[in-house]
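What follows is a single structure, written as structure tokens, with notes after it.
The values are calculated or read from the model by the stated rules, or taken from the named source; none is laboratory data. Model, not experiment: these values are computed from the prediction. Glycine gets a Cβ as well: all are built from the backbone with ideal geometry, and neighbour counts include every protein chain shown. With ligands, DNA and RNA removed, areas are computed over all heavy atoms of the protein, side chains included. Shrake-Rupley method; radii C 1.70, N 1.55, O 1.52, S 1.80 Å.
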Amino acid sequence: MTKRKIVLGSRGSKLALWQASHVRDLLAERAPEYEYDIRVIHTKGDKILDVALSKIGDKGLFTKELERELMRGGVDLCVHSMKDMPTQLPDGLAILGVPERAVPFDALVGPAGIALEGLPAGARVATGSLRRIAQLKRLRPDIQTCEMRGNIDTRIGRVMAGEFDAAILAAAGLHRLGLHENIAQVLPAATMIPAVGQGAIAVEAREGDDEVRRLCAAITNDSTLRCVSAERYVLRELEGGCQVPMGAHAGIAGEGDRAVFAMTAFVSSLDGSRFLQAAGQGACDGWLDVASRITDDLVAQGAEEILEELR
């Protein structure tokens, strides 16, 4: 009997293909009765490499072409970095799978032994993220932030060649590609709050495909799903995106009845001078209540005014 083939859509970068292969392997382990194939689809974000993401102004920069192929039936599911996913998806599509998250934090990349607090005055730190720039300016106003895009290998190479003193990248991508030896310092959420969904993978599929829905459910990690859902709730309610400096991080500490869901989020002006932060915690099944309280707290502090000015 011929196996049904499940086609996974993916961007063509090394990291995207690692993630697609990871999802394929998880699916194959839990449902070996299917055949799995990966199809590369190039997105607008892959083609425009000389413009800062914040200036392109397209919320579906790394997802639209994949979603278009998903809707027409060319692929059965799409594998994305969760942090690239808009909070509003096309009608008929949904995030149905969320595997266990990798380390969600940012990392300082550069020569061994350096640390953010030890960088020389005026150091050149590469990052194109408004979220990272705002927090860097708050932590080290003297640092020069420099735009840098391209694949991870290229960015690391430019730092190690001395073009920049350091760069800030997502630790998850470095670990997934075996490049973690280039991490000089992991920046915990207490130092730099990550992007919404950072370190997590989103598996997007057609809502009406019950067969694929069951497959996605089999590889979903409940704790990761709760945390990412809470982070995305704050992003959606504040209508944030790549064009604004904001972030959120949720985590679960402990197990069973002693497990605690904790979350922190921020909204900032571009220069970090107006930095609004809110935090909260509660029971694991109360993640939505925690996220709602944090959102209300940020709004009460003036988050909407900051975001409106930035738009």
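Got a number for carbon plus sulfur as a percent of the chain's accessible area, 1.4 Å probe?
So the carbon and sulfur contribution to the accessible surface is 48 percent.
Taking the alpha-carbon set of region 254-311, what are its Rg and Dmax in Å?
13.8, 44
Taking the Cα centre of each part, how many Å lie between region 218-293 and region 77-128?
Their Cα centres are 15 Å away from one another.
What order do you get for 279-288, 160-169 when each peptide is scored by the mean count of other beta carbon atoms within 10 Å, highest first?
160-169, 279-288
If you take the alpha carbon radius of gyration of region 211-254 and divide it by 2.2 N^0.38 Å, what ratio comes out, to two decimals?
Details: Rg = 13.4 Å, N = 44, 2.2 N^0.38 = 9.3 Å.
Expressed relative to 2.2 N^0.38 Å, the Cα Rg reads 1.45.
Based on the Cβ-Cβ distance of E29 and E163, what FRET efficiency does E = 1/(1 + (r/R0)^6) give at R0 = 35 Å, to the nearest 0.05?
E between E29 and E163, to the nearest 0.05, is 0.25.
Could you tell me how many cubic angstrom of Cα convex hull volume region 183-307 has per residue?
Looking at region 183-307, the number lands at 143 Å³ per residue.
Hey, what did the chain get for relative contact order, percent, Cα under 8 Å, at least 6 apart? Present the calculation step by step, with values, prior to reporting the outcome.
Details: 630 pairs, mean separation 61.7, N = 311.
The normalised contact order for the chain reaches 20 percent.
Want the number for S292 to K5: 0.36 nm per residue separation, take away the alpha-carbon distance, what's left?
That pair, S292 and K5, stretches by 99.2 nm at full extension.
Ordered by packing density, taken as the mean number of other Cβ atoms within 10 Å over each peptide's residues, highest first, how do 222-233, 298-309, 191-202 rank?
191-202, 222-233, 298-309
With runs of 4+ DSSP H residues as the only contributors, calculate the mean residue ellipticity of the chain at 222 nm using -39,500 (n - 2.57) per run, divided by the residue total and rounded to the nearest 500.
Per the formula, -10000 deg cm²/dmol.
Within the chain, what percent of beta bridges assigned by DSSP are antiparallel, to the nearest 5? Can you show the working numbers first?
Details: 33 of 46 bridges.
Beta bridges within the chain, antiparallel portion: roughly 70 percent.
Give me, ordered by chain and number, the residues 5 or more places off Q185 or on other chains with an amide H under 5 Å from its own placed amide H.
Those lying under 5 Å, H to H, from Q185 are L108.
Would you mind giving the average projected area, over all directions, of the Cα convex hull of region 57-126 in nm² with one decimal?
It is 7.7 nm².
Pull up all non-local amide H partners of A94: gap of 5 or more, or a different chain, and H-to-H distance under 5 Å with H placed in the peptide plane.
Here the answer is A205, E207, since their amide H atoms fall under 5 Å of that of A94.
Would you mind working out the accessible area per residue for the chain, using a 1.4 Å probe, and quoting it in Å²?
Counting only protein heavy atoms, the per-residue value for the chain is 45 Å².
Per the Cauchy relation, a quarter of the hull surface: what is the mean projected area of the convex hull of the alpha carbons in the chain, in nm²?
The number I arrive at for the chain is 16.4 nm².
List the pair-distance distribution P(r) of region 153-238, using every Cα-Cα distance, as the percent of pairs falling in each 10 Å bin from 0 up to the bin containing the longest distance, rounded to whole percents.
Reading upward from the zero bin: 13, 33, 30, 18, 5, 0.
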